[in-house]
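A short worksheet on the structure shown next.
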Amino acid sequence: MSMQYTTVQQEQEIQQILALQALNHPIALSDTAMQKEGFVTVRHEPNVLRQMNALYPSVIAVDGAQLAGYCLVMLRQFAEAVPVLVPMFNRLESLTWNGKLLRESRWFVMGQVCVALGYRGQGVFDGMYAKLKEHCRADFDFVVTQVAARNARSLRAHERVGFETVEIYPDAAAGEIWHVIAMDL
Ligand SMILES: CC(C)(COP(=O)(O)OP(=O)(O)OC[C@H]1O[C@@H](n2cnc3c(N)ncnc32)[C@H](O)[C@@H]1OP(=O)(O)O)[C@@H](O)C(=O)NCCC(=O)NCCS
């Protein structure tokens, strides 16, 4: 494995992200697989994903021609673009992190992270977040995201790389309890 951590530059990478995302959506997974391996909540409209990457490229891990993982950068301009994330964006504006209101701080949302099945548990997750920090540090102070309480694998991996809990809230419409977590860059 010769892993490279880079940013999205080509349409083909957008297509690879969409394909990996589809494989990790609950529609494609058994309950057992979701409990063990985690799952993604959102399937992006291709054009939304293109626009997100045009404004600020996301981080990817590539092994030759293979996409090993992705970590999406979602700027605040996209607050209305993905319906299931609207309640999160609304809440974020009124929360505080490091004693400062988010609405007065420089942050972005990590819009989704995924590591391809054959590459899990091998440091790809950590490698992508290291690259994300390096890539975004000059423009932002911290990164925020939310993870479903029932995605224990993702919660643990995020805690390991340094994310801390901002708040935990129930979302009846989505049928989830969300952990809002943040990490300084
Ligand atoms: C979540 C995901 C990105 C993490 O990447 P990864 O390479 O699997 O992560 P790692 O193996 O490095 O770390 C997982 C951690 O959770 C632990 N873990 C593994 N399975 C677990 C489970 N079912 N419950 C709780 N913890 C679990 C591991 O032991 C490890 O912790 P440790 O370093 O303290 O031992 C990846 O599993 C994935 O893409 N899953 C499907 C999509 C997804 O859930 N995306 C996140 C959406 S928020």
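The values are calculated or read from the model by the stated rules, or taken from the named source; none is laboratory data. Since the model is a prediction, treat every value here as computed from it, not as a measurement. With ideal geometry, Cβ positions are generated from the backbone for all residues, glycine too; neighbour counts draw on all protein chains shown. To get the accessible areas, we keep the full protein, side chains included, count just its heavy atoms, and leave off ligands, DNA and RNA. Shrake-Rupley method; radii C 1.70, N 1.55, O 1.52, S 1.80 Å.
Checked across the range 136-158, the condition of being closer than 20 Å to His25 by Cα and acidic (Asp, Glu) holds for no residue.
Considering the range 85-97 alone, what residues qualify as being farther than 18 Å from Val40 by Cα and either among the polar types (S, T, N, Q) or open to solvent by less than 30 Å² (accessible area, probe 1.4 Å) (or both)?
Asn90, Leu92, Ser94, Leu95, Thr96, Trp97
Checked against the criteria, Val109 counts as β-branched (Val, Ile, Thr) and either touching a strand residue (DSSP E or B) at 6+ places or on another chain (Cβ under 8 Å) or modelled with pLDDT of 95 or more (or both).
Of the residues making up the range 16-43, those that are surrounded by 13 or more Cβ atoms within 10 Å (Cβ to Cβ), of a type in the set (S, T, N, Q) and over 15 Å from Val115 (Cβ atoms) are Gln35, Thr41. Restricting the search to the range 166-181, which residues are within 14 Å of the ligand (Cβ to nearest atom) and not charged (D, E, K, R)? Those that are within 14 Å of the ligand (Cβ to nearest atom) and not charged (D, E, K, R): Ala174, Ile177, Trp178, His179, Val180, Ile181.
The lone criterion from (1) crowded, with 18+ Cβ neighbours inside 10 Å; (2) away from the ligand (no atom under 16 Å from the Cβ) left unmet by Lys100 is number (1).
State all residues of the range 107-120 that are surrounded by fewer than 13 Cβ atoms within 10 Å (Cβ to Cβ) and either under 17 Å from the mean Cα position of the chain (by Cα) or touching a residue at least 60 places away in the same chain (Cβ under 8 Å) (or both); if no residue qualifies, say none.
Pass one, the range 107-120, residues surrounded by fewer than 13 Cβ atoms within 10 Å (Cβ to Cβ): 117-118.
The one that is surrounded by fewer than 13 Cβ atoms within 10 Å (Cβ to Cβ) and either under 17 Å from the mean Cα position of the chain (by Cα) or touching a residue at least 60 places away in the same chain (Cβ under 8 Å) (or both): Leu117.
Phe125 falls short on exactly one of the conditions (1) free of Cβ contacts under 8 Å to residues at least 60 places away in the same chain; (2) open to solvent by 10 Å² or more (accessible area, probe 1.4 Å); (3) more than 10 Å from the ligand (Cβ to nearest atom); (4) not basic (Lys, Arg), and that condition is (3). Contact annotation: residue pairs with Cβ atoms under 9 Å, 6 or more positions apart or on different chains, pairing a residue in the range 31-50 that is among the basic types (Lys, Arg) with a partner that is more than 10 Å from the ligand (Cβ to nearest atom) and not in a loop (DSSP other than H, G, I, E, B), are Arg43/Leu18; Arg43/Ala22; Arg43/Ile27; Arg50/Glu11; Arg50/Ile14. For the range 142-155, indicate whether the set of residues that are in contact (Cβ under 8 Å) with a residue 12 or more places away in the chain, under 28 Å from Gln4 (Cβ atoms) and surrounded by fewer than 17 Cβ atoms within 10 Å (Cβ to Cβ) is non-empty. No - not one qualifying residue is present in the range 142-155. Determine if the range 45-60 includes at least one residue that is surrounded by 13 or more Cβ atoms within 10 Å (Cβ to Cβ), of a type in the set (S, T, N, Q), under 25 Å from Arg156 (Cβ atoms) and more than 12 Å from the ligand (Cβ to nearest atom). Within the range 45-60 (the criterion being surrounded by 13 or more Cβ atoms within 10 Å (Cβ to Cβ), of a type in the set (S, T, N, Q), under 25 Å from Arg156 (Cβ atoms) and more than 12 Å from the ligand (Cβ to nearest atom)), the answer is yes, since at least one residue qualifies.
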